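Here is the structure we will look at, set down as structure tokens.
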Amino acid sequence: MQVDPISCVGEDQPAEISIIQDEKGKGLPTLSTLSDANRDADARAFAALMRHIREADGEAHTVIMIQVENEVGVLGPSRDHSPLANQAVRWALYRRSSWTTSKSTKTP
């Protein structure tokens, strides 16, 4: 079964909930990992799941482990190309080039 992640956010989703963009700026049906609102909504959903498991399985202990998915699952482009994502990539490249330059520079 394939689930549209955008429809899972809900009717009352905050305006801050954001989706990724392709190279041309077109929105894609994948929630952005760079959004604080997305992270907060994900944390609330995970907490609700854990509460439900405790309530439904608290005595039996048949659930022994929960594995959190740590992959974004971007289909299509190699990454998010939103302005915020592009800024994060530029910052990471800057930090990496600064670190590489400082390590390769010999001091007398």
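The values are calculated or read from the model by the stated rules, or taken from the named source; none is laboratory data. This one's a predicted model, so the numbers in the text were calculated from it and none came from an experiment. As a convention, Cβ positions derive from the backbone with ideal geometry for all residues, glycine included, and neighbour counts pool all protein chains shown.
One residue stands out in the range 57-80 among those that are within 24 Å of Q21 (Cα to Cα) and surrounded by 10 or more Cβ atoms within 10 Å (Cβ to Cβ): the one that is modelled with the lowest pLDDT, namely V72. Mind checking whether some residue in the range 67-82 is assigned to a loop (DSSP other than H, G, I, E, B), more than 19 Å from the chain's Cα centre (by Cα) and over 16 Å from L28 (Cβ atoms)? Looking for residues that are assigned to a loop (DSSP other than H, G, I, E, B), more than 19 Å from the chain's Cα centre (by Cα) and over 16 Å from L28 (Cβ atoms), one finds none in the range 67-82, hence no. In this entry, S7 passes the filter for residues that are polar (S, T, N, Q) and modelled with pLDDT under 80.
Among the candidates R39, R54, which residue alone is modelled with pLDDT under 90, at negative phi and not in a strand (DSSP E or B)?
Only one candidate qualifies: R39.
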